[in-house]
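The values are calculated or read from the model by the stated rules, or taken from the named source; none is laboratory data. A quick note: this is a predicted structure, and the numbers were derived from the prediction, not measured. Methodologically, a virtual Cβ is constructed for each residue, glycine included, from the backbone with ideal geometry; neighbour enumeration extends over all protein chains shown.
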Amino acid sequence: MSEQISVEIFDHLVDLAALELNAKQADYLRRQLNNQLASVRELEAVPLDEDIPISLHGVPYEVENSSAPREDEWIPCLDSKAILAQAPQVEDQYIVVPDIPHTTLK
Amino acid sequence: MDLCDLSALELSRLLGEKKTSAVEILESSLRRIGEVDGRPGSLNAGEITPNDRSRVHAMITLTEDLALEQAREVDRKLAAGEKVGPLAGVPFTVKDIFCVKDTPSTAGSRILANFVAPYTATPVERMVAAGALMIGKVNLDEFTYGSSTESSAFQPSTRNPWDTSRVPGGSSGGSTASVAAYEVPLSLGTDTAGSIRQPAAFCGVVGVKPTYGRVSRYGLIAFASSLDCPGPVSRTVTDAASMLQVIAGPDSHDATAATTPVSDYLSNLEMGVRGMRIGLSPDYFRITFPDGQGGFKEQELPAEIEKAVRHAADVLASMGAEIVEDVPMPNTRYGIPAYFVISRVEAASNLHRYDGVKYGLRTTQNYTDLKSMYKLTRNEGFGLQPKLRILMGMYVSAAQYSEQYYKRALRVRTLIRRDFEAAFDPAGNYRLDALLTPTTPTTAFEMDAVYGDSVLMQYADQLTVPANHAGVPGISLPGGLDSAQLPIGIQLLGADYSEDKLFRVARAYEMATESEDWRKVKPKVLR
């Protein structure tokens with residue numbers, strides 16, 4: 001079976017996904033990805049006429065079964081301390097993060 | 001017979017007649033948990049002992065203080081002659097994928113192990129408002145990613161009460177095992193590809209995947225947002241209908257919760273099936289499995305499972321239903337391949353939020369900057385299954401592959417939906433009220449037998465996932481035992497918002513088979 005996801009593609013995905021894997025994990029995950037793609041390739045056999053649209057969800061959302069969009073209103077958080085208490089690092093009501101590296105967008 | 005052996009309906013009756021109290025019911029459930037559940041799932045569980053192998057391990061967090069407070073309030077109201085809700089005094093468990101205020105809400109993942117939810121999910125809130133007693137949060141596959149509950153970071157993972165060397169199914173394995181072991185009569189699960197129905201089949205209980213949008217997802221930690229459906233697990237059809245009645249309906253916190261009026265699931269429950277049209281499809285009697293060489297092979301459904309489905313059709317026919325054979329559902333076999341794409345894209349998107357900044361785990365290792373903190377945190381916090389889903393989701397939705405994979409899968413999803421529309425169309429050739437199918441391609445498999453093979457594991461959901469793509473409702477109910485004395489599940493699928501019809505068919509089957517021998521057999525942990 002050909003490997004669609006090469007080591008190079010895989011390493012790129014791992015970086016984009018903000019993951020860091022050891023060699024054993026990387027080997028397992030890349031193998032599983034390629035196995036899954038073998039299943040996905042079954043879709044290539046499905047005859048799809050040009051006019052078949054995509055379905056983002058199964059049940060249609062019509063006016064009759066959907067809520068109207070909410071007004072865009074500011075609602076104060078009643079217990080901001082409980083929310084901030086979940087953050088790993090907080091100072092003076094601010095969530096603290098490490099330095100953000102400078103990146104030049106291509 | 002203990003109180004915890006009774007159904008929610010029976011408990012409500014006893015409570016209404018003042019023959020017991022909510023506190024006594026709760027104590028009975030807690031005793032049962034003490035007898036059969038074993039140690040709760042935890043991170044760093046150490047070695048799995050022979051004693052662990054004989055227990056159920058449904059629980060992650062027991063919330064007995066909260067449940068006691070709720071039970072005392074029910075008893076106070078009853079004593080004062082105040083009105084109580086329809087599920088007053090009924091204990092239930094919650095899959096640990098729902099946020100419950102001031103309660104650890106872990107998703108079975110190390111990355112959320114320290115997360116205490118600041119708000120409560122709508123379905124849980126509605127259960128509590130109806131008087132039900134939340135007794136604990138139960139185990140699941142990590143972020144619901146699996147079909148055996150083995151991928152939880154909280155070990156020992158749940159075992160099947162019918163045979164503790166077998167998996168309970170998943171991802172709602174803790175929910176179905178807690179109900180099957182008579183710890184509670186009700187549990188709240190979620191179903192994205194079959195995660196309520198498949199473990200319900202493996203554990204011999206009733207599991208309902210409502211129509212997408214029938215039950216609010218507010219407070220549900222998201223997996224695949226276009227597929228996730230919260231739903232009931234119970235031992236009887238009536239209890240499942242009562243629970244759905246409580247949790248269904250629109251919610252201002254969830255724009256995808258449908259405003260379609262909720263049917264009355266209980267009034268017509270025992271009206272029988274005379275005149276109803278129930279379909280059988282050959283496409284649900286053939287199954288597909290990986291052939292081990294990178295390909296896939298079709299094979300017949302195991303004979304015992306097919307026999308159970310055909311027996312159910314005979315039972316329903318004898319009660320006046322019209323059985324419609326040979327209903328074509330030709331795109332059933334593409335359910336899993338399409339799911340590998342769609343669910344992964346949505347999962348990858350949903351998992352970007354776990355970054356060690358706002359809540360959950362942040363690595364304690366040294367990091368130099370934000371990106372290295374992200375990487376170390378996510379590497380420590382996520383198990384293999386979330387990592388696999390993130391990587392797959394990113395690959396198939398990348399600009400250069402999106403047309404080939406993601407868009408194609410979404411168009412195949414349209415075809416799957418059309419299969420159901422044709423089957424249920426009131427003006428069509430088949431005009432079905434329900435499609436009767438097997439729930440799973442096998443009965444419960446051995447622990448460790450499949451885990452690790454992500455493709456084989458995913459194919460455990462091949463008969464349940466089409467309903468998730470299509471958004472239609474489904475129910476799995478016990479349909480017998482195989483030669484190894486393991487439960488067989490049968491499935492009923494219906495048109496959008498036709499849960500009332502599915503409950504009616506399911507209840508008719510349940511009543512007609514009440515005296516069959518297999519119904520007298522209890523799970524091994526209770527024998």
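Here are the numbers for this structure:
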| read-out | value |
| --- | --- |
| For residue B:362: the one exception among (1) more than 10 Å from every other protein chain (Cβ to nearest Cβ); (2) over 30 Å from residue A:57 (Cβ atoms); (3) part of a loop (DSSP other than H, G, I, E, B) | (1) |
| Single unsatisfied condition, residue B:414 versus (1) in contact (Cβ under 8 Å) with a residue 60 or more places away in the chain; (2) facing another protein chain (nearest Cβ under 10 Å); (3) in contact with a Ser or Thr (Cβ under 8 Å, 6 or more places away or on another chain) | (1) |
| Test result for residue B:435, crowded, with 20+ Cβ neighbours inside 10 Å, on the phi < 0 side of the Ramachandran plot and more than 14 Å from chain A (Cβ to nearest Cβ) | yes |
| Helices (runs of 4 or more DSSP H) wholly inside chain A containing at least 1 residues that are among the aromatic types (Phe, Trp, Tyr) and within 26 Å of the chain's Cα centre (by Cα) | A:7-16, A:23-40 |
| Selection from segment B:326-336 of residues that are touching a strand residue (DSSP E or B) at 6+ places or on another chain (Cβ under 9 Å) and facing chain A (nearest Cβ under 8 Å) | B:333, B:336 |
| Every residue from segment A:60-106 that is within 21 Å of residue B:369 (Cα to Cα), surrounded by fewer than 15 Cβ atoms within 10 Å (Cβ to Cβ) and within 8 Å of chain B (Cβ to nearest Cβ) | A:89, A:99, A:100, A:101 |
| Some residue of segment A:84-98 being on the phi > 0 side of the Ramachandran plot and out of contact with any strand residue (DSSP E or B) (no Cβ under 6 Å at 6 or more places or on another chain) | yes |
| Per-region count, segment B:278-306, residues farther than 17 Å from residue B:490 by Cβ, buried (at least 18 other Cβ atoms within 10 Å of the Cβ) and not β-branched (Val, Ile, Thr) | 1 |
| Test: residue in segment B:39-56 that is surrounded by 22 or more Cβ atoms within 10 Å (Cβ to Cβ) and either over 22 Å from the mean Cα position of the chain (by Cα) or aromatic (Phe, Trp, Tyr) (or both) | no |
| Verdict on residue A:30 being within 9 Å of chain B (Cβ to nearest Cβ), among the charged types (D, E, K, R), surrounded by fewer than 15 Cβ atoms within 10 Å (Cβ to Cβ) and without any contact (Cβ under 8 Å) to a residue 60 or more places away in the chain | no |
| Index of the failed condition, residue A:43 passing every other in (1) closer than 30 Å to residue B:497 by Cα; (2) modelled with pLDDT under 90; (3) touching a Pro at 6+ places or on another chain (Cβ under 8 Å) | (2) |
| Unique match (being under 30 Å from residue B:469 (Cα atoms) and among the β-branched types (Val, Ile, Thr)) among A:90, A:46, A:96 | A:46 |
| Those residues of segment B:45-68 which are touching a strand residue (DSSP E or B) at 6+ places or on another chain (Cβ under 6 Å) and part of a loop (DSSP other than H, G, I, E, B), in sequence order | B:45, B:58, B:63 |
| Residues of segment B:224-252 satisfying the condition of being over 14 Å from the mean Cα position of the chain (by Cα), modelled with pLDDT of 95 or more and within 14 Å of chain A (Cβ to nearest Cβ) | B:224, B:225, B:226, B:248, B:249, B:250, B:251 |
| Matching residues, segment B:480-527, being part of a helix (DSSP H, G or I), closer than 26 Å to residue B:261 by Cβ and in contact with a Gly (Cβ under 8 Å, 6 or more places away or on another chain) | B:501, B:502, B:504, B:508 |
| Every pair of residues 6+ apart whose Cβ atoms lie under 9 Å, when the first sits in segment A:42-57 and is more than 7 Å from every other protein chain (Cβ to nearest Cβ) while the second is assigned to a helix (DSSP H, G or I) | A:44/B:404; A:44/B:408; A:45/B:334 |
| Flag if residue A:37 is within 7 Å of another protein chain (Cβ to nearest Cβ) and more than 30 Å from residue B:495 (Cα to Cα) | no |
| Residue that is polar (S, T, N, Q) and crowded, with 23+ Cβ neighbours inside 10 Å, where the choices are B:349, B:343 | B:343 |
